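For reference, the structure discussed in these notes is given below.
The values are calculated or read from the model by the stated rules, or taken from the named source; none is laboratory data. Predicted model, so just to flag it, every value in this text is computed and none were measured. Here Cβ is always computed from backbone atoms with ideal geometry, including for glycine, and neighbour counts include all displayed protein chains.
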There are 2 protein chains.
Amino acid sequence: MTEATTANILDGRELAERVRAKLVSRIESLRTEGHEVRLDAVICSGNEAGEVYAASQERTCRQMGIDYRLHHLSEDVSEGAVVDTIEGLNADAAVHAIMVHMPLPSQVRSDLVQSAIDPRKDVEGVNPANIGNVIYGRRSLMPCTALAAMTMIESTGVQLRGRVAVCVGASRIVGRPVAVLLIQAEATVISTNVHTPDLAAMTRQADVVISAAGVPNLVTGDMIQPGAIVIDVGINRVKDPKTGRTRTMGDVEFDSVSRVAGWVSPVPGGVGPVTVAMLLRNTVEAAERAAG
Amino acid sequence: MTEATTANILDGRELAERVRAKLVSRIESLRTEGHEVRLDAVICSGNEAGEVYAASQERTCRQMGIDYRLHHLSEDVSEGAVVDTIEGLNADAAVHAIMVHMPLPSQVRSDLVQSAIDPRKDVEGVNPANIGNVIYGRRSLMPCTALAAMTMIESTGVQLRGRVAVCVGASRIVGRPVAVLLIQAEATVISTNVHTPDLAAMTRQADVVISAAGVPNLVTGDMIQPGAIVIDVGINRVKDPKTGRTRTMGDVEFDSVSRVAGWVSPVPGGVGPVTVAMLLRNTVEAAERAAG
């Protein structure tokens with residue numbers, strides 16, 4: 001017998017749609033004032049997954065009234081030429097939002113390229129100056145995945161100030177930036193990692209658990225305080241031993257957690273779609289700031 | 001009757017001296033290879049405390065074989081002129097270490113000036129890109145006070161990986177950067193702030209407590225796990241109600257904590273002197289990197 005689910009499901013597709021709907025009116029306001037919202041993306045040949053994502057981005061942007069421009073570089077482009085492209089976009093006053101499709105060819109260091117993006121135009125929030133600005137309490141464009149996790153928490157209406165938030169996993173791309181954004185939101189933040197001696201002792205203190213460990217079913221119901229918010233940022237490709245088919249799973253054991261938590265985000269259909277919407281929100285914000 | 005102190009006292013002056021002694025041999029090695037270690041500092045007139053600090057720096061640098069050059073700007077200098085000075089130093093290959101004496105005149109935004117320093121020459125670690133680089137696991141010059149706290153922990157010989165470290169206070173200048181460095185060191189990190197509902201419940205879990213709250217006597221012995229490392233980064237100027245004299249106190253109630261902790265750093269004579277040494281260490285590191 002299966003117990004009834006008690007947690008509210010944080011539907012990422014629905015939240016992303018609400019975010020985009022709000023953006024459309026901001027884009028229209030900008031246009032009324034004579035400012036076109038534009039997103040300039042850089043891609044190198046041979047990046048098939050990137051091309052698929054770029055095509056989907058272009059469609060979404062067109063629907064929303066964002067001018068999407070894809071800059072193609074060759075697969076054997078030099079690192080210097082990629083940086084030159086970025087610097088050209090930095091210098092162009094018509095450009096206010098820049099993103100680079102990963103991965104880059106092996107001869108190009110991605111950290112060097114990311115650091116070259118003008119922080120004010122860095123709508124993926126990948127220039128280290130941007131997360132650094134958050135630490136120093138300055139205006140910043142924030143990394144999209146971390147921002148998506150924060151936006152999901154915000155959508156519950158629960159205030160983070162004075163709450164205990166636990167990050168499961170301290171990866172460079174997600175766990176650490178999320179911890180920084182939670183500290184900025186004045187939560188008491190516990191950052192855990194694979195060396196944490198007793199993870200459950202930490203998560204049981206949490207009003208909010210954000211898991212970005214990359215381990216399927218790591219977070220189980222017995223680790224969660226009743227009523228807590230559980231955000232699953234894990235994206236794990238797992239092969240079903242019976243069917244042999246691959247499917248995407250998060251870090252959270254959904255069945256057991258959803259019987260205890262107050263809110264839980266599913267995978268797929270949780271943080272993923274919101275992350276894509278955050279890139280667009282950053283793009284509109286960069287355009288608004290550029291418009292002054 | 002007073003109980004005996006059990007904690008090891010982390011003597012910051014002694015540690016700073018050990019750090020400087022090691023630096024002297026690195027400076028000599030660089031000189032042998034034809035590289036002069038140099039520190040370029042910028043100061044605006046009217047900054048009396050800064051002048052005192054600069055004079056002391058110059059003496060220390062001279063003793064250690066570091067070429068200290070102080071660049072004077074006028075009190076009514078424009079923001080653009082300060083940034084131009086920084087950019088001139090950035091562009092000068094003979095310069096590999098830059099610091100700016102705070103505070104700057106009111107017409108000059110310090111965040112703008114700090115962000116203008118080339119991250120590779122930013123030996124105070126104040127450019128947000130540097131703490132951002134730590135988050136992304138990249139080579140970086142780290143903020144001196146946070147680095148001093150880490151160096152004190154390191155001096156105990158206790159490994160941070162797998163330990164629980166609690167930061168008391170989440171200030172932009174100290175608490176947050178310290179949390180980032182502890183995460184980078186693979187500790188389980190708890191960042192607390194003034195809104196934390198039960199601070200003692202957090203600190204009692206800690207193998208390491210770093211206090212940077214700016215509240216005298218905030219951390220007491222009953223909040224500390226026996227044998228823990230307690231680092232006091234608080235600098236509080238407190239007036240004695242009886243004598244009327246002002247003295248410097250930390251956040252840690254030294255008497256009660258030193259009866260429980262394994263190690264404790266005093267104030268004054270703890271993190272302060274080590275912070276000054278960290279600036280010199282960053283200067284030597286920047287010189288070594290520049291020398292390739």
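Reported count of residues in the stretch A:52-73, each being touching a Ser or Thr at 6+ places or on another chain (Cβ under 9 Å) and in contact (Cβ under 8 Å) with a residue 40 or more places away in the chain, is 2.
Okay, residues lined up against (1) buried (at least 24 other Cβ atoms within 10 Å of the Cβ); (2) in contact with a Phe, Trp or Tyr (Cβ under 8 Å, 6 or more places away or on another chain); (3) modelled with pLDDT of 95 or more:
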| position | (1), (2), (3) |
| --- | --- |
| B:Q205 | no, no, yes |
| B:Q225 | no, no, yes |
| B:P241 | no, no, no |
| B:E253 | no, no, yes |
| B:G262 | no, no, yes |
| B:S265 | yes, no, yes |
| B:V271 | yes, no, yes |
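Yes or no, residue by residue, for (1) surrounded by 15 or more Cβ atoms within 10 Å (Cβ to Cβ); (2) basic (K, R):
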position: B:E14; (1), (2): no, no
position: B:L23; (1), (2): yes, no
position: B:E33; (1), (2): no, no
position: B:R38; (1), (2): yes, yes
position: B:E48; (1), (2): no, no
position: B:R62; (1), (2): no, yes
position: B:D67; (1), (2): no, no
position: B:V83; (1), (2): yes, no
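The conditions of being away from chain B (no Cβ under 11 Å), out of contact with any Cys (no Cβ under 6 Å at 6 or more places or on another chain) and modelled with pLDDT of 95 or more are not met by A:S171.
Of the residues making up the stretch A:226-237, not a single one is within 14 Å of chain B (Cβ to nearest Cβ), in contact with a helix residue (DSSP H, G or I) (Cβ under 9 Å, 6 or more places away or on another chain) and outside any strand (DSSP E or B). For the stretch A:146-167, the criterion of being part of a helix (DSSP H, G or I), farther than 23 Å from A:E28 by Cα and in contact with a Pro (Cβ under 6 Å, 6 or more places away or on another chain) is met by at least one residue.
Note on the stretch A:97-129: residues that are more than 14 Å from every other protein chain (Cβ to nearest Cβ), crowded, with 22+ Cβ neighbours inside 10 Å, of a type outside the set (G, A, S) and farther than 10 Å from A:E79 by Cα total 5.
One residue stands out in the stretch A:181-195 among those that are buried (at least 24 other Cβ atoms within 10 Å of the Cβ) and at the interface with chain B (Cβ under 7 Å from one of its Cβ atoms): the one that is farthest from the chain's Cα centre (by Cα), namely A:T188.
Here A:V178 passes the criteria (1) more than 15 Å from the chain's Cα centre (by Cα); (2) within 14 Å of chain B (Cβ to nearest Cβ); (3) buried (at least 24 other Cβ atoms within 10 Å of the Cβ) except the one numbered (1).
Residues are listed down the side, and each one gets a yes or a no for (1) out of contact with any helix residue (DSSP H, G or I) (no Cβ under 7 Å at 6 or more places or on another chain); (2) of a type outside the set (A, V, I, L, M, F, W, C):
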residue: A:L141; (1), (2): no, no
residue: A:A146; (1), (2): no, no
residue: A:A179; (1), (2): no, no
residue: A:A187; (1), (2): yes, no
residue: A:I190; (1), (2): no, no
residue: A:V194; (1), (2): yes, no
residue: A:D198; (1), (2): yes, yes
residue: A:T203; (1), (2): no, yes
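Taking the listed residues A:T283, A:T248, the one that is of a type in the set (S, T, Y), closer than 24 Å to A:P177 by Cβ and in contact with a Pro (Cβ under 6 Å, 6 or more places away or on another chain) is A:T248, with no other qualifying. Reported count of residues in the stretch A:71-80, each being surrounded by 13 or more Cβ atoms within 10 Å (Cβ to Cβ) and under 15 Å from A:A116 (Cα atoms), is 2. Here the condition is being free of Cβ contacts under 8 Å to residues at least 40 places away in the same chain and on the phi > 0 side of the Ramachandran plot; of B:G227, B:G250, B:G269, B:G214, it holds for B:G227 alone. Residue count for the stretch B:76-101, restricted to those that are under 26 Å from the mean Cα position of the chain (by Cα) and among the polar types (S, T, N, Q): 2. Scan the stretch A:19-51 for residues that are under 24 Å from A:A149 (Cα atoms) and in contact (Cβ under 8 Å) with a residue 60 or more places away in the chain and report the count. Going through the stretch A:19-51 one residue at a time, the tally reaches 7. Among the residues making up the stretch B:130-166, a single one is within 9 Å of chain A (Cβ to nearest Cβ), touching a strand residue (DSSP E or B) at 6+ places or on another chain (Cβ under 8 Å), farther than 17 Å from B:R289 by Cβ and buried (at least 24 other Cβ atoms within 10 Å of the Cβ): B:V164.
Restricting attention to the stretch A:50-72, the residues being touching a Pro at 6+ places or on another chain (Cβ under 9 Å) and among the hydrophobic types (A, V, I, L, M, F, W, C) number 0.
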